Amino acid sequence: MYLNNHLEPSQANNFHNEIAQLIVNSYQKLTKKSLIFSNDQLNLGRLLYEAPFVVLAHDKSKDPIFFYGNLKAQEVFEMTWGELICLPSRYSAEFADQAARQYLLDEVASKGFIDNYSGTRISKTGRKFQIANATVWNLFDKDSNNIGQAASFANFT
């Protein structure tokens, strides 16, 4: 399954275009907005990977694990692709914020998406940062199976 592809997005793997389409199409279906303003479906993977805002996605396991994090996410969380995509997503928030994070995930699971999330996150080096106006949404594959959740934000301090 494409969610288990541990190779960093590159031209050689078309920047995981199928994962980008999953993320972008789920976003558009639920929010009725565009995450990437382009009709270029063939280069969507590169556009999402190089976007100037954070995009993350995790699977639907009991302890969800990131399977996607674009370059901006890697920069903000101070991790490489390899470090980020094997990380349980709960480690992106401090232990004290776990209950609030779980409430958010449960809300998204039941409502489809939330577009005004704010909270504290933590990088690999322990640097805390605030995110604001984040959108978190459910991910659906081509057969409409819920396979996880994604998040995007541009505002962080």
Mind ordering 101-108, 67-74 by average Cβ neighbours within 10 Å, highest first?
-> 67-74, 101-108
How are the Cα pair distances of segment 2-156 distributed, in percent, across 5 Å bins from 0?
-> 2, 9, 20, 25, 23, 14, 5, 1, 0
Given a Förster radius of 30 Å and the C-beta distance between Ser110 and Phe156 as r, what FRET efficiency does 1/(1 + (r/R0)^6) yield to the nearest 0.05?
-> 0.70
Label-point separation in nm, Gln28 to Lys124, each point 7 Å along Cα→Cβ | 3.3 nm
What are the residues whose amide H is under 5 Å from the amide H of Asn70, where those residues sit 5 or more places off or on another chain and H is modelled from the backbone?
-> Val55
In deg cm²/dmol, rounded to the nearest 500, the helical mean residue ellipticity at 222 nm of the chain, built from -39500 (n - 2.57) for every DSSP H run of length 4 or more, is -8000 deg cm²/dmol
Cα extents of segment 5-79 along the principal axes, largest first, in whole Å, come to 32, 29, 22
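FYI, it's all coordinate maths here, none of it is from the lab. Small disclaimer: the values here were computed from a predicted structure and weren't measured. Quick reminder, even Gly has a Cβ in these numbers, built from the backbone with ideal geometry, and neighbours come from all protein chains shown.
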